[in-house]
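Take a look at the structure set out below.
Just so it is clear, none of the values below were taken in a lab; they were calculated from the coordinates. It should be emphasised that the depicted structure is a prediction, and the values quoted were computed from it without experimental measurement.
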């Protein structure tokens, strides 16, 4: 009796689909110094994709709140254009980096240059990003 071995090979995208997650966006390779410079030079916007309660507990100065829950609910191009500009780099951030990548996937489909940040809110504050006053 012959024995046959079966192997299943999953490429990363297929593995992601099998496990129920598919993230095309990866955290930006831009250094935090580059992010700060782009923000200071007004070449970029910082978009906080956490939820309102998280924002209320503390957020970064000059950040724009655009919760992932709003982006996921089939937000229109017109509604997005009123909140964020396509002529700037969009750096998304959240608490730990996962939601920022998810938001980036959606915003890229709307034609934005999105660079999700891996560091979360607390990490960005620790790295010298200015915390907004309450």
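Mind pulling the per residue volume of the convex hull built on the Cα atoms of segment 26-126? Å³ is fine. Walk me through the intermediate numbers first.
Values: hull volume 9.0 nm³, N = 101.
Cα convex hull per residue, to the nearest whole number: 89 Å³.
Test of understanding: what is the full-extension gain from residue 130 to residue 78, defined as 0.36 nm times their sequence separation minus their Cα-Cα distance? Walk me through the numbers on the way to the answer.
On the way: separation 52, 0.36 × 52 = 18.72 nm, distance 3.00 nm.
Roughly 15.7 nm would be gained on extension.
What is the Cα convex hull volume of segment 51-90 when expressed per residue in Å³? Intermediate results must be reported in sequence, preceding the final value.
Numbers: hull volume 3.1 nm³, N = 40.
Given the Cα convex hull of segment 51-90, per-residue volume reads 78 Å³.
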